[in-house]
Amino acid sequence: MPTFLQFAQAEAQRLWHGQHLKRSLSKAATFAAFGDFQTREISDYKPSHIHAFFDDIQASRSLSDSTVNRYAAMITKVFKQAVEGELVTHIPKFTWREEEETTRPLYYTKEQLAQMCAYYDDGHPQWWMRHMIIIGAQTGMRRGEILKITRNLITNDADGGLWMHLTKTKNGSERFVPLNPKVMKSIEALGYNLAKHWDEHSFYRSWDVMRGKVLGNHKGYVFHTLRHTAATRLANEYKANTAVIGMLLGHRSDKTTRKYIKAQPSALQQLASQLQH
C-alpha cells in the first residue's frame, strides 16, 4: 500500500495541470513531512491525523484559514482519487472551520488603484510594482503569468491588436490575453521583461507596507485581488457575460468565474433605479 505522497505523485498528472500541479505536489510534500506521514499508508488515516496537521501548520506558519483550506482541497482530491481507484474505501471525514466573512468586497476601486500606483511612483525602490498592478488590473493575468512577459510572446492580429501568448497556464491550456495601450505602456516601461526587476522578498515586504499605508491593512487585499478587480469591472461596468470573462481569465468553468465577479454598489443602485420605470 503506498503512502499519501507516493500515491499523489503517481496520480499527479490526472489530478492537476500546469502550475497547479507543481503547487499541489508541494502541498502534498508538506503534508507528508508531518509526523509519521512519510511512512503511514494512505489507507491508515483518520480525521484526527489531518486535524493535527492543520493545527500544526497554522500555529507554526501563521497560515490563514483560506490557505489551510487549500491544503484541505488538495488532501480531499487525493483521497477521492484513491477511493475511485478502489485503493481506499472512503475519504476521511475531516473538517476545517469556515473562513471568516469580510464586509469589504474583494476588488479594488478605481480610487484604490490610483492610490496604489501613486505609492509606487518612479522614486520608489519597487517602482516596477506599479506596472505589475496596472497589468494585473487591466488584463486579469496572474502574477506568475505577468512575470513571463517577454517581447517574443507578444503577437499581433490582422486588425493590429496586441496579444500576450501564454503557452501554458495554471490549468494546462494556452491562452491569448489582449493588451490595451495602457498595458503596453507598462510593459515597455519594464523593458519587456519584468523578471529582471523581480525580487520575491522585496515584493511581499513592500506589498505589506503599502497595504498598511494605503489599504487599511485589510488582509484580503492581495495581488490576486487585481484579477477579481478585472472580472468585476468587466461584469459591472461593461456588462460582459460570464463566458467572455472566463475566456479572458482562462477559467474552465463558469462556476469558477462567478466567484471572481463581485457586485459593485453603483451597479446595484443602477439596477434598483431601473425598477421604477
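The values are calculated or read from the model by the stated rules, or taken from the named source; none is laboratory data. Small disclaimer: the values here were computed from a predicted structure and weren't measured. Neighbour counts are summed over all protein chains in view; Cβ atoms, including those assigned to glycine, are modelled from backbone coordinates with ideal geometry. With ligands, DNA and RNA removed, areas are computed over all heavy atoms of the protein, side chains included. Shrake-Rupley method; radii C 1.70, N 1.55, O 1.52, S 1.80 Å.
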Reported set for segment 223-245 where residues are crowded, with 17+ Cβ neighbours inside 10 Å, within 17 Å of the chain's Cα centre (by Cα) and not polar (S, T, N, Q) is 226, 227, 228, 230, 231, 245
Determine, yes or no, whether residue 179 is over 18 Å from residue 19 (Cβ atoms), open to solvent by 40 Å² or more (accessible area, probe 1.4 Å) and in contact (Cβ under 8 Å) with a residue 12 or more places away in the chain.
no
Hey, any hits in segment 201-211 for a residue that's among the β-branched types (Val, Ile, Thr) and more than 15 Å from the chain's Cα centre (by Cα)?
yes
Taking segment 3-36 as the region of interest, how many residues are touching a strand residue (DSSP E or B) at 6+ places or on another chain (Cβ under 7 Å) and over 14 Å from residue 71 (Cα atoms)?
1
May I ask you to list the residues in segment 56-82 that are surrounded by fewer than 13 Cβ atoms within 10 Å (Cβ to Cβ) and either charged (D, E, K, R) or at pLDDT 95 or above (or both)?
56, 61
Restricting the search to segment 194-222, which residues are of a type in the set (A, V, I, L, M), over 22 Å from residue 150 (Cα atoms) and open to solvent by 40 Å² or more (accessible area, probe 1.4 Å)?
209, 222
Restricting the search to segment 38-65, which residues are more than 11 Å from residue 2 (Cα to Cα), in contact (Cβ under 8 Å) with a residue 24 or more places away in the chain and either assigned to a helix (DSSP H, G or I) or more than 21 Å from the chain's Cα centre (by Cα) (or both)?
45, 46, 47, 49, 50, 51, 54, 57, 65
Do we have any residue at all in segment 245-253 that's of a type outside the set (Val, Ile, Thr), closer than 25 Å to residue 124 by Cβ and in a loop (DSSP other than H, G, I, E, B)?
no
For residues in segment 15-55 being hydroxyl-bearing (Ser, Thr, Tyr) and open to solvent by 40 Å² or more (accessible area, probe 1.4 Å), which is farthest from residue 91 (Cα to Cα)?
26
Only one of 147, 190 that is under 26 Å from residue 126 (Cα atoms), touching a residue at least 24 places away in the same chain (Cβ under 8 Å) and open to solvent by less than 10 Å² (accessible area, probe 1.4 Å):
190
So, of the residues in segment 124-140 that are open to solvent by 20 Å² or more (accessible area, probe 1.4 Å) and under 18 Å from the mean Cα position of the chain (by Cα), which turns out to be nearest to residue 199 (Cα to Cα)?
134
Mind checking whether some residue in segment 3-26 is among the aromatic types (Phe, Trp, Tyr) and within 24 Å of residue 250 (Cα to Cα)?
yes
Residues that are at pLDDT 90 or above, under 18 Å from the mean Cα position of the chain (by Cα), open to solvent by 60 Å² or more (accessible area, probe 1.4 Å) and not aliphatic (A, V, I, L, M): does segment 152-160 have at least one?
no
Residues of segment 19-55 satisfying the condition of being touching a Phe, Trp or Tyr at 6+ places or on another chain (Cβ under 8 Å) and more than 20 Å from residue 80 (Cβ to Cβ)
34, 35, 52
For segment 233-263, enumerate the residues that are within 19 Å of residue 222 (Cα to Cα) and among the aromatic types (Phe, Trp, Tyr).
260
